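What follows is a short report on a single structure.
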Amino acid sequence: MLATIRSATLLGVEGRAICVEVHLSDATLPGFQMVGLPDEVCRGAHARARAAVLSSRLVWPNVRITVNLAPSDQRKVGSALDLPIAIGILVATEVIPPEAVDGLAFIGELGLDGSLRPVAGVAPLVAALRPTTPVVPVGSAREAHGVAGEAVKVASSLHQLVGILAGREPWPPIPDEVWDLDEPVIPDLADVRGQPAARTGLEIAAAGGHHLLLVGPPGSGKTMLAQRMPGLLPTLDAETSLESTMIHSAAGVRLPSGGLVRYAPFRAPHHSSSMVSLIGGGSTFMRPGEASIAHGGVLFLDEMGEFTPQVLDALRQPLEEGVIRVARARAHATLPARFLLIGATNPCPCGGGAPGSCECDDGARQRYLRRLSGPLLDRFDLRVGVQRPSVDELLSPGGGEPTASVRQRVMAARARSIARNGMLNAQIPASALDALAPVDTSGAALLRAQLEADLLTGRGYHRVRRVARTIADLVGADTVGEEHVAAALQLRVRLGVSRRAA
Amino acid sequence: MSRRDQPCPGDPRVEEWCAAALTLLDGWGSSRLCALLDRSSPAEAWAAVVGRHPDAVTDLPERLAEQCRSAGLGVVWRGSPSYPSVLTLDPRPPAVLFTRGDLSLLGGRRVAIVGTRNATSAGRFAATELGRRLGSAGVHVVSGLARGIDGCAHRGVLEAESPGRPIGVVASGLDVPYPRQNAGLWQQVGEQGLLLSEYAPGLEPLTYRFPARNRIVAALSEVVVVVESRAKGGSLITVNEAVERGVPVMAVPGATVNRAADGTNLLLRDGATPVLDADDILDALSLDHSRETTRRVDLRTRPFPIDMAVYRRIVESPASLDQLVACDGRPLPEVAMSIARLEMRGWVAGVDGWWETTGDTLR
């Protein structure tokens, strides 16, 4: 009258293996009791499992049922435990032979009709269950397959699953749709007319991993440019791909077919986003936020000045460490979040434009810049001015250079920098700049002149040198020359009032 | 208040305090105060007011006296011997003025230089140059000490350590510098020139006080010069006040694409005299400027020929990096080199992604 079934629950982007223990007793009045810190959704398993068992024309035991979710000090979230609870009861009532569930783990939500429904976070759950063979709903097959490969077993209903486990039916094949590897449709740079500076900015950002701030009036194509960035980034390496898959799965974001996130994600949260939605957390299971979903790809913050300062500030940790550590009273989680940040902003509330055309009053302009300024603004290596393309450029036939050819240069530059530094240029520590990114005499003279004229800060100096290194890598130069430094300086727009401002 | 504390009419110091106190009466504008002061001395007027309102704050004159003393301010009122004679016949004169600095400057030649707060660097340069040239010709420059053109004009005057001095008319108490970034300039104008305000110490620069301030700028000037104004800029209020008083209005022309010069260009179309040079203003004042021979030597290294295409494009109108790359035809790093060289040699300056010329334009 006792059964133990393996399953898993989610904390942040990690799965935790757990055991579902079911005990049946006719010594007391019939009833159902679940212990072991289930959350509200998890508690609903009683009703769903009972209806599903009855709908599958099986018997729900009219005895005292105790379900323990072990280890019992850890919070269990979501509906993924419906299936293991139902299976546990069926094993305990000897509908399913106990040896049939050896070496298997179960994940899935039950419909009242006995169907198996997909749940969020199947990828990390399956990963946590290795080397046990996971049994998942058909709808979760692609997520599970991305992590566990061929070992995954699927079923579409409780009735079918009981038939299989009782030895009356074979396991069904994994549906074919898992195998179609479709390439995501990423917009092409050929659609962008003119805007040489912004194009160059994108190329450099992709090649060196530099965070990019696009500064320009509304309608100048900042969003259009940012959306083309993923096409310039390499496909994810095996480790990042797996991490990103876990995150997508845990956040309930649909995974591409094949079950693995292989292309750089692009996330563009709205500026009204809350802290939790952007950074992750929450009271139940530490759901990953947009910053984590962008792991390995691009996080695009349009209208950056409109985000609340607290939310922007919270981005500093992932920008520095590549992870977000969320701590709550009950638990803490480390969520991977290594992304390329692209920010977009107007130069002032009215959108700016050529000097003399700004209509903003003094205070409004300063308040606007103050929201942007500070530590986050410092993290952008590239600050590129974007202006509306001219009519001629808009109407000119044929587009600009397509993504494919820019991408070739980006890949070559990335390979060069990795071979030399072991990392992307944006990550070169200041102390290693002289060794890894030496500047020739004339370039050094230009930097010196800029520093002396107070046009460049100390921090800006290091950033310009890293960007100049990437520009040199893009053209295949070994030493950073004057023209690379000059270009890097031009791609670092000075914000605010001019030095001669009165 | 007991009888012995009653202000004693006739004592000039007491008259001064009472005049200051009168400006703080609710609902008493400058025209009503003028009418009152034309009939009676400030102390009499104050006594009458206090007599009619037994619950009035009666130690106001003393408190203001203390504030003025600690801030080093003087007070002149309509009817007082030091009241500026240029204002005596004004249609809407200020009744009381708080002053800091040298009131005798109002006896010299005075030109107002006013304009937009959001000026282009060309506009700021023009204002600074005009201020400097007028100053060295011995003309005092009247302005509002605002951000942009106003501040630049006064900086120009102060730069030259010239016989011409700055005269600042402001819209807040003289101990409340606004905008704060101009606090240093404010201090300098008070020490080396003259600061005037209609408002008692401690009063904030409220919106309605700026147009009133502009009328005093116009009233104090022999010529009003506008350097960059928007089509609906506050400088145009000064212009209207000047027109009403028969003060000639002159304007510095700007590019038609420059929104900050819309107002000045409209003035020119309506018949204002164009100002291409400080000499034009000196002409209007019938001052001799033929001896002005101290042309400044441009110490900047001339641009390389290869950079001239970029420079000419920026001279044409402020340009973005995109526009410079588009018109030059060379790849971005080379254009960037040109910009860097021009910037280091002081020919151009950049802000918010735009490049503008600085200093005299190379022709």
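Where Lys and Arg each count +1 and Asp and Glu each count -1, what net charge lies around A:His462 among other residues with Cβ under 13 Å from its Cβ? The partial results should precede the final answer.
On the way: positive: A:Arg379, A:Arg459, A:Arg463, A:Arg465, A:Arg466, A:Arg469, A:Arg492; negative: A:Asp378, A:Asp381, A:Asp434.
Every neighbour counted, the sum reads +4.
Starting from the Kirkwood radius over alpha-carbon pairs of the range B:239-354, derive D by Stokes-Einstein at 10 °C in a medium of 1.306 mPa s and give it in µm² s⁻¹. Write down the numbers at each step before the final one.
Numbers: Rh = 17.3 Å.
Result for D is 92 µm²/s.
How crowded by other chains is A:466-475, given as the mean number of beta carbons from other chains within 10 Å of each beta carbon? Could you put the intermediate results ahead of the total?
Values: counts 0, 0, 1, 0, 0, 3, 1, 0, 1, 2.
Average per residue, whole number: 1.
Determine the relative contact order of the range B:305-357: mean sequence separation of Cα pairs under 8 Å and six or more apart, normalised by residue count, in whole percent.
Numbers: 54 pairs, mean separation 24.9, N = 53.
Result for the range B:305-357 is 47 percent.
Using Cα positions and a limit of under 24 Å, work out the lysines in reach of A:Lys76, with same-chain residues fewer than 8 apart set aside.
Reachable lysines: A:Lys153.
If each residue's Cβ is checked for other Cβ atoms within 10 Å, how do A:Glu482, B:Glu204, A:Glu150, B:Glu159 rank with the fewest at the top?
A:Glu150, B:Glu204, B:Glu159, A:Glu482
Looking at the square roots a ≥ b ≥ c of the eigenvalues of the Cα gyration tensor of the range A:54-160, which shape do they give, rounded for a/c under 1.5, prolate if a/b is larger than b/c, or oblate?
On the way: a/c = 1.62, a/b = 1.37, b/c = 1.18.
Since a/c reaches 1.5 and a/b is larger than b/c, the shape of the range A:54-160 is classed as prolate.
How large is ³J(HN,Hα) for each residue in the range A:32-48, as worked out from phi by the Karplus curve 6.51 cos²θ - 1.76 cosθ + 1.60 (θ = phi - 60°), to whole Hz, x for Gly and Pro?
The phi angles translate into 9, 9, 10, 10, x, 6, x, 8, 4, 5, 4, 4, x, 4, 4, 5, 5 Hz.
If you place +1 on the Cβ of every Lys and Arg, -1 on the Cβ of every Asp and Glu, and leave all else neutral, what size is the dipole of chain A about its Cα centre, to the nearest 20 Debye? Show your work: numbers first, answer last.
On the way: 49 positive and 49 negative charges, 207 e Å.
Roughly 1000 debye for chain A.
Could you work out the per residue convex hull volume over the alpha carbons of the protein assembly as shown, in cubic angstrom?
Working: hull volume 195.6 nm³, N = 865.
Residue-normalised Cα hull volume stands at 226 Å³.
Cut-off 10 angstrom, C-alpha nodes, Gaussian network model of chain B. Which of B:Ala137, B:Ala219, B:Ala319 fluctuates the most?
Between B:Ala137, B:Ala219, B:Ala319, it is B:Ala319 that shows the largest mean-square fluctuation.
Quick one: the Cα spread of the range B:106-284 along its three principal axes, in angstroms, biggest first?
41, 34, 31
Largest first and to the nearest Å, give the Cα extent of chain B along each principal axis.
86, 39, 35
Please go through the range B:174-238 and write out the trypsin sites (Lys or Arg not before Pro) that DSSP classes as loop and that have at most 14 other C-beta atoms within 10 Å. Present the calculation step by step, with values, prior to reporting the outcome.
Working: sites: B:Arg180, B:Arg209, B:Arg213, B:Arg215, B:Arg230, B:Lys232; in loops: B:Arg230, B:Lys232.
Those that pass, being in a loop and sparsely packed, are B:Lys232.
Please order A:Leu394, A:Leu165, A:Leu54 by the number of other Cβ within 10 Å, starting at the fewest.
Details: A:Leu394 10, A:Leu165 22, A:Leu54 13.
Fewest-to-most Cβ neighbours within 10 Å comes out as A:Leu394, A:Leu54, A:Leu165.
In percent, what relative contact order does chain A have, based on Cα pairs under 8 Å that are 6 or more apart in sequence?
On the way: 1047 pairs, mean separation 69.4, N = 502.
14 percent.
How large is the charge dipole for the protein assembly as shown, taken about the Cα centre, if only the Cβ atoms of Lys, Arg (+1) and Asp, Glu (-1) carry charge, to the nearest 20 debye? Numbers along the way, then the final one.
Details: 89 positive and 92 negative charges, 111 e Å.
The dipole magnitude comes to about 540 debye.
For the range A:189-422, just say rounded, prolate or oblate: build the C-alpha gyration tensor, square-root its eigenvalues into a ≥ b ≥ c, call rounded for a/c under 1.5, and beyond that prolate if a/b exceeds b/c, oblate if not. Don't skip to the answer; put the middle values down first.
Numbers: a/c = 1.99, a/b = 1.21, b/c = 1.65.
Oblate.
How shielded is B:326-332 by partner chains, expressed as the average number of their Cβ atoms within 10 Å of its Cβ atoms? Provide the component values of the computation, followed by the final result.
Details: counts 7, 0, 0, 0, 0, 5, 11.
Across the residues of B:326-332, the mean count of other-chain Cβ atoms within 10 Å is 3.
Let me know the shape class of the range A:286-432, please: from the alpha-carbon gyration tensor, a ≥ b ≥ c as square roots of the eigenvalues, rounded when a/c is under 1.5, otherwise prolate if a/b is greater than b/c, or oblate. Provide the component values of the computation, followed by the final result.
Working: a/c = 2.00, a/b = 1.16, b/c = 1.73.
Here the range A:286-432 falls in the oblate category.
Peptide B:341-349: average number of partner chain Cβ atoms within 10 Å per residue?
Values: counts 4, 0, 7, 7, 1, 1, 0, 0, 5.
The shielding value for this peptide is 3.
Of the options A:Leu165, A:Gln74, A:Val276, report the single residue whose Cα projects farthest towards the positive end of the charge dipole of chain A (beta-carbon charges: Lys, Arg +1; Asp, Glu -1).
Of the candidates, A:Val276 comes out farthest on the positive side.
Among the DSSP beta bridges whose two residues both lie in the protein assembly as shown, what percent are antiparallel, rounded to the nearest 5? Please report the intermediate quantities before stating the final value.
Working: 41 of 91 bridges.
Within the protein assembly as shown, antiparallel bridges account for around 45 percent of the total.
For every helix of n ≥ 4 consecutive DSSP H residues, a contribution of -39,500 (n - 2.57) applies; sum these over chain A, divide by its total residues, and give [θ] at 222 nm rounded to the nearest 500 deg cm²/dmol. Could the numbers behind the result be given before it?
Values: 21 runs with 186 residues, N = 502.
After summing the helix terms and dividing by the residues of chain A, the value is -10500 deg cm²/dmol.
Find which of B:His140, A:Pro218, A:Leu436 sits farthest along the positive direction of the dipole of the protein assembly as shown, computed with +1 on the beta-carbon of Lys and Arg, -1 on that of Asp and Glu, about the Cα centre.
Comparing the listed Cα positions along the dipole, B:His140 ranks first.
Return the long-range amide H neighbours of B:Val225 (sequence gap of 5 or more, or a different chain), with a cut-off of under 5 Å between placed amide H atoms.
Answer set, sorted by chain and number: B:Ala112, B:Ile113, B:Val114, B:Met250.
For every other residue with a beta carbon closer than 13 angstrom to the beta carbon of A:Met411, add +1 if it is Lys or Arg and -1 if Asp or Glu, then tell me the sum. Working shown, then result.
Values: positive: A:Arg407, A:Arg409, A:Arg414, A:Arg416; negative: A:Glu203, A:Asp473.
Overall, the nearby charge balance is +2.
Mind checking which of A:Gly374, A:Ala329, A:Ser156 is farthest towards the positive end of the protein assembly as shown's charge dipole, using Cβ charges of +1 (Lys, Arg) and -1 (Asp, Glu) about the Cα centre?
So the residue furthest toward the plus end is A:Ala329.
Find the eigenvalues of the gyration tensor of the Cα atoms of chain A, then list the square roots of 5 times those eigenvalues as equivalent ellipsoid semi-axes, largest first, in whole angstrom.
Numbers: eigenvalues 584, 104, 79 Å².
Listed largest to smallest, the semi-axes of chain A are 54, 23, 20 Å.
What is the fewest-to-most order of B:Phe125, B:Phe304, A:Phe300 by other Cβ atoms lying within 10 Å of their Cβ?
On the way: B:Phe125 21, B:Phe304 13, A:Phe300 27.
By the 10 Å Cβ count, ascending: B:Phe304, B:Phe125, A:Phe300.
We did not get these values from a lab; they are worked out from the coordinates using the rules stated. Since this is a predicted model, take the numbers as computed values, not measurements. Note: ideal-geometry Cβ built from the backbone for every residue, glycine included; neighbour counts use all protein chains shown.
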